[in-house]
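S.K.: Got a structure for you, questions after.
The values are calculated or read from the model by the stated rules, or taken from the named source; none is laboratory data. Small disclaimer: the values here were computed from a predicted structure and weren't measured. Positions of Cβ are generated from backbone atoms using ideal geometry, with glycine treated the same way; all protein chains shown enter the neighbour counts.
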Amino acid sequence: MPAPVTIKTLLNQYRVEEFIANTPLGDLYRVTDERSNKSFALTILPKAIVENPEALKELEINSSFLQNISHPNLNKYHGVQKTPTQTFLLEDWVDGPSLLNIREQTRLNIEEALCIAKAICDALQTLHKQNFVHLHLAPELIRINQRGEIIVCGIAAANAVHVQAPKYLPLYTAPEQLLKQKTAPAADIYAVAVILYELLTGKWINGKSAPKTSETIRKTHLDSTPPAPVSLNRDIPDNVSRMILWALRKNPDERLKTTTELLSSLSLAAQLLLDKIPPRVSQEKTPILAGIHNAWNFLPPPKPTSIIADAVPLEERLASFSVPKKKSTSRLGFFPILLFFLLAGFISLFFFVRPVEETLLPTPIVFTPIANNFTPAPTDSPTPRPTLTNGGRIVFTCTRGEYNQLCMINRDGTDLVQLTDMAASNYYPIFTLDGSSVLFASNRSGPAFDFFILNFNAREVFQLTNSIGNVISPDFSPDGRFLIFANRVGDNPTAIWMVNTDGLNPRLVYTGIGDIVSVAWSPDGQKIAYAMNTGVPQEYEIFTMNINGRDHLKISQGLQGIGGSVDWSPDGTSLLVHAGPFGDKDIFKIDVATGNFVQLTDGGNNAGASYSPNGEFIVFNSLRNNDQADLYIMEADGSGMRQITNDPEPDWGANWLE
């Protein structure tokens with residue numbers, strides 16, 4: 001039976017809906033945030049933990065670090081919270097069956113067990129790289145969400161050796177934990193092996209049902225050799241059986257060293273290629289899991305309320321009001337409105353308590369004119385203007401001499417114009433939504449790269465950001481209110497940031513597990529696509545997330561050697577990337593819903609693909625002309641390729657006039 005919850009609504013916010021399970025961390029409940037109608041997972045810490053100063057200290061010290069760790073297979077953790085009578089951990093609610101539900105219904109074949117193992121190992125590897133060990137893995141804490149993704153929950157107590165709910169039997173606890181010895185990733189590997197043993201055989205590691213007492217369980221972990229899994233299920237490959245026993249060795253130094261090594265060894269033993277292991281549950285690839293998953297009674301989506309869910313920035317709240325859209329707004333006219341909403345937002349802080357992820361910088365940034373740094377184009381025409389002549393204009397980075405400059409050209413290769421010519425590097429250009437200006441990154445004001453706007457009418461360059469890091473890969477929100485971009489601050493990984501298009505309120509949105517080198521806003525304004533390094537140097541995977549930095553979904557599936565650019569199709573159904581061996585990249589289109597991909601080019605070492613606004617054409621740079629980087633245009637299906645620039649120096653990073 002669960003421990004009693006003394007009040008039905010915690011912190012005047014979280015309404016307790018149902019008891020879910022006993023877990024190694026305490027009793028797990030599903031609760032509803034009454035202000036957003038969103039479900040959360042709430043774990044009531046048992047008295048033995050709450051009254052243990054060392055245990056609470058471990059939870060609180062690591063909390064802020066763990067809240068910033070993100071991976072598509074790791075559940076989002078929101079921290080430790082307290083009422084006068086309860087202390088609890090708060091996570092996102094993962095609606096779907098747990099591995100406990102699956103274990104109780106059936107046993108799995110090796111292919112479906114490896115689908116589970118891959119997700120768990122990938123999630124744990126992210127924790128381990130941040131010097132955290134989960135230490136509390138259990139089937140109750142691993143769930144399959146509505147999209148079929150396997151999610152590891154309960155990271156709140158990572159590295160917390162003193163946190164263990166007394167009434168939860170230590171069925172998945174490594175011998176070194178029981179002996180209170182130093183722990184390492186090997187402890188998590190042991191727990192994963194116990195879980196796989198159960199999923200494949202239907203039995204615990206004693207070859208029978210799990211014991212009912214902690215003492216018997218402890219003795220088994222420390223002293224007994226598990227029966228070979230193949231002796232309990234003849235369908236298990238012998239080599240897989242041996243690998244699981246290897247991961248269950250009593251001495252942690254004798255186990256496999258990393259979860260990556262465990263997964264690779266299991267894959268090799270099963271004679272299955274790693275990239276053929278399904279990344280999520282599907283009817284086609286994992287029918288047993290899909291049957292249980294499809295029978296789950298999923299919760300209906302939350303009803304919208306007047307309070308916006310999640311801790312979104314103030315300007316995102318403003319976006320929910322019906323404000324007439326204008327191409328330009330007076331800064332003077334905007335400030336009274338901003339002041340009103342800032343005051344309203346400040347007052348609302350006394351009523352609404354939400355977990356905050358964004359980092360706000362207190363100093364507003366203002367436009368700084370740098371008229372003397374703008375070099376008019378080397379042409380007889382008064383000022384270069386974007387035009388839809390010949391199907392639209394394309395702006396791109398053109399390396400000329402020692403520096404990257406900005407150039408513009410028609411899609412048929414006519415009217416090439418160099419926009420800048422100075423001793424500074426300028427790159428990542430994109431048109432503003434009204435086509436009157438080009439926004440780009442430059443180090444013209446110092447060693448760091450900031451964003452600048454080149455206005456065609458004023459013949460001036462305005463500085464948008466000021467020393468917030470080193471910025472790259474900007475993209476405007478479809479409504480023109482915000483700019484998303486990648487930014488490297490100090491020695492930290494390159495992360496996703498956002499700023500108002502007037503330069504105010506630059507803020508961190510999401511820090512990944514590795515460098516994020518390209519971001520793109522979906523046409524409907526609801527998602528951000530990004531390319532993130534996940535461990536292999538100079539290679540990336542493609543993910544999407546909500547605009548508040550949550551609900552991350554890995555889109556790239558089985559595509560090797562992905563490069564650092566991504567672009568949405570105008571209808572929002574696919575993403576353009578380049579991928580392949582080093583020095584031989586091709587352009588691919590990835591379906592956002594399925595992860596399926598189509599190759600659009602064949603040879604030439606191509607990169608930096610971008611759709612035309614109508615989706616009919618794609619511009620990209622290629623080395624197919626004697627290793628000379630030039631721009632090419634092709635139809636959206638890869639046909640009709642033609643070259644539009646031809647310069648001995650590189651042309652790259654092209655974007656169409658929106």
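S.K.: For the range 566-648, which strands (runs of 3 or more DSSP E) that fit wholly inside it have 3 or more residues that are touching an Asp or Glu at 6+ places or on another chain (Cβ under 7 Å) and buried (at least 19 other Cβ atoms within 10 Å of the Cβ)?
M.R.: On the way: elements: 574-579, 586-591, 597-599, 606-611, 617-625, 628-635.
In the range 566-648, the matching strands (runs of 3 or more DSSP E) lie at 574-579, 606-611, 617-625, 628-635.
S.K.: Another question about this same structure. Can you tell me how many residues in the range 402-435 are in contact with a helix residue (DSSP H, G or I) (Cβ under 8 Å, 6 or more places away or on another chain) and farther than 21 Å from Pro447 by Cα?
M.R.: Qualifying residue count, the range 402-435: 5.
S.K.: Could you count how many residues in the range 473-501 are assigned to a loop (DSSP other than H, G, I, E, B) and within 24 Å of Ala654 (Cα to Cα)?
M.R.: Residues of the range 473-501 that are assigned to a loop (DSSP other than H, G, I, E, B), as a first pass: 477-481, 489-494, 501.
Okay, now just the ones that are also within 24 Å of Ala654 (Cα to Cα), so 477-481, 494, 501.
The number of residues fulfilling the criteria is 7.
S.K.: Restricted to the range 524-550, and to residues that are assigned to a loop (DSSP other than H, G, I, E, B), out of contact with any Asp or Glu (no Cβ under 6 Å at 6 or more places or on another chain) and under 23 Å from Pro506 (Cβ atoms), which residue is modelled with the lowest pLDDT? Talk me through it step by step, then tell me what you get.
M.R.: At the first step, the residues of the range 524-550 found to be assigned to a loop (DSSP other than H, G, I, E, B) are 524-526, 533-539, 547-550.
Next, only the ones that are out of contact with any Asp or Glu (no Cβ under 6 Å at 6 or more places or on another chain) stay: 524-526, 535-539, 547, 550.
Remaining after also requiring under 23 Å from Pro506 (Cβ atoms): 525-526, 547, 550.
On the way: Gly525: 93, Gln526: 93, Ile547: 91, Arg550: 88.
Out of the qualifying residues, it is Arg550.
S.K.: For the range 172-257, list the helices (runs of 4 or more DSSP H) that sit wholly inside it and hold at least 2 residues that are in contact with a Pro (Cβ under 9 Å, 6 or more places away or on another chain) and in contact (Cβ under 8 Å) with a residue 60 or more places away in the chain; which are they?
M.R.: Passing ranges, in order: 175-178, 185-201.
S.K.: If you check every pair at least six apart or on different chains, which have Cβ atoms under 8 Å apart with a residue in the range 493-507 that is outside the structural domain of Ala531 (by TED's automatic domain parsing) and under 15 Å from Gly549 (Cβ atoms) first and a residue that is at pLDDT 90 or above and in a loop (DSSP other than H, G, I, E, B) second?
M.R.: none
S.K.: All but one of (1) more than 24 Å from the chain's Cα centre (by Cα); (2) at pLDDT 95 or above hold for Ser574, so report the exception by its number.
M.R.: (1)
S.K.: Test Gly558 against the stated conditions and say whether it is assigned to a loop (DSSP other than H, G, I, E, B) and either over 21 Å from Ile277 (Cβ atoms) or of a type in the set (Lys, Arg) (or both). Can you show your working first?
M.R.: On the way: assigned to a loop (DSSP other than H, G, I, E, B): yes; either over 21 Å from Ile277 (Cβ atoms) or of a type in the set (Lys, Arg) (or both): no.
When the stated conditions are applied, Gly558 does not pass them.
S.K.: From the residues in the range 495-524 that are within 14 Å of Val566 (Cβ to Cβ) and among the β-branched types (Val, Ile, Thr), which one is surrounded by the most Cβ atoms within 10 Å (Cβ to Cβ)?
M.R.: Residue satisfying both the conditions and the ranking: Ile516.
S.K.: Moving on. Which of the numbered conditions does Pro474 fail, given that it passes all the others? Conditions: (1) on the phi > 0 side of the Ramachandran plot; (2) modelled with pLDDT of 95 or more.
M.R.: So Pro474 meets the others, but not (1).
S.K.: Checking the condition buried (at least 16 other Cβ atoms within 10 Å of the Cβ), of a type outside the set (D, E, K, R) and closer than 24 Å to Lys167 by Cα, which residue from Leu127, Leu114, Leu74, Leu42 passes?
M.R.: On the way: Leu127 fails: closer than 24 Å to Lys167 by Cα; Leu114 fails: closer than 24 Å to Lys167 by Cα; Leu74 fails: closer than 24 Å to Lys167 by Cα.
That would be Leu42, the only listed residue that is buried (at least 16 other Cβ atoms within 10 Å of the Cβ), of a type outside the set (D, E, K, R) and closer than 24 Å to Lys167 by Cα.
S.K.: All but one of (1) modelled with pLDDT of 95 or more; (2) part of a helix (DSSP H, G or I) hold for Glu104; state the number of the condition that does not hold.
M.R.: So Glu104 meets the others, but not (1).
S.K.: Could you please give the count of residues in the range 450-468 that are under 27 Å from the mean Cα position of the chain (by Cα) and in contact (Cβ under 8 Å) with a residue 24 or more places away in the chain?
M.R.: Of all residues in the range 450-468, those under 27 Å from the mean Cα position of the chain (by Cα) come to 450-451, 464-468.
When the remaining residues are screened for being in contact (Cβ under 8 Å) with a residue 24 or more places away in the chain, the result is 451, 464-466, 468.
Result for the range 450-468: 5.
S.K.: Same structure, new question: Report, by residue number, each residue of the range 537-565 that is crowded, with 19+ Cβ neighbours inside 10 Å and among the polar types (S, T, N, Q).
M.R.: Thr544, Asn548, Ser556, Ser565, listed by residue number.
S.K.: Report yes if some residue within the range 35-58 is under 13 Å from Ile155 (Cα atoms), part of a helix (DSSP H, G or I) and touching a helix residue (DSSP H, G or I) at 6+ places or on another chain (Cβ under 7 Å); otherwise report no.
M.R.: Taking every residue of the range 35-58 in turn, none turns out to be under 13 Å from Ile155 (Cα atoms), part of a helix (DSSP H, G or I) and touching a helix residue (DSSP H, G or I) at 6+ places or on another chain (Cβ under 7 Å).
S.K.: Say whether the condition of being among the aromatic types (Phe, Trp, Tyr) and over 28 Å from Arg481 (Cβ atoms) is met by at least one residue in the range 418-427. Even if it seems obvious, please write down each step before you answer.
M.R.: Here is the first cut: in the range 418-427, the ones among the aromatic types (Phe, Trp, Tyr) are 427.
Applying the additional criterion that residues be over 28 Å from Arg481 (Cβ atoms) yields none.
No - not one qualifying residue is present in the range 418-427.
S.K.: Would you confirm whether any residue within the range 49-59 is touching a Gly at 6+ places or on another chain (Cβ under 8 Å) and buried (at least 18 other Cβ atoms within 10 Å of the Cβ)? Don't jump to the end; show me each part of the working.
M.R.: Our first condition is that a residue be touching a Gly at 6+ places or on another chain (Cβ under 8 Å); within the range 49-59, this holds for 49.
If we keep only those that are buried (at least 18 other Cβ atoms within 10 Å of the Cβ) as well, we get 49.
Taking every residue of the range 49-59 in turn, at least one turns out to be touching a Gly at 6+ places or on another chain (Cβ under 8 Å) and buried (at least 18 other Cβ atoms within 10 Å of the Cβ).
S.K.: For the range 587-609, enumerate the residues that are of a type in the set (Gly, Ala, Ser) and within 15 Å of Ser522 (Cβ to Cβ).
M.R.: The one that is of a type in the set (Gly, Ala, Ser) and within 15 Å of Ser522 (Cβ to Cβ): Ala593.
S.K.: Hey, another quick one. Of these, Ile205, Ile151, which one is closer than 18 Å to Trp246 by Cβ and either in the same structural domain as Asn68 (by TED's automatic domain parsing) or aliphatic (A, V, I, L, M) (or both)? Walk me through how you get there before you give the answer.
M.R.: Numbers: Ile151 fails: closer than 18 Å to Trp246 by Cβ.
One residue alone meets the criteria, Ile205.
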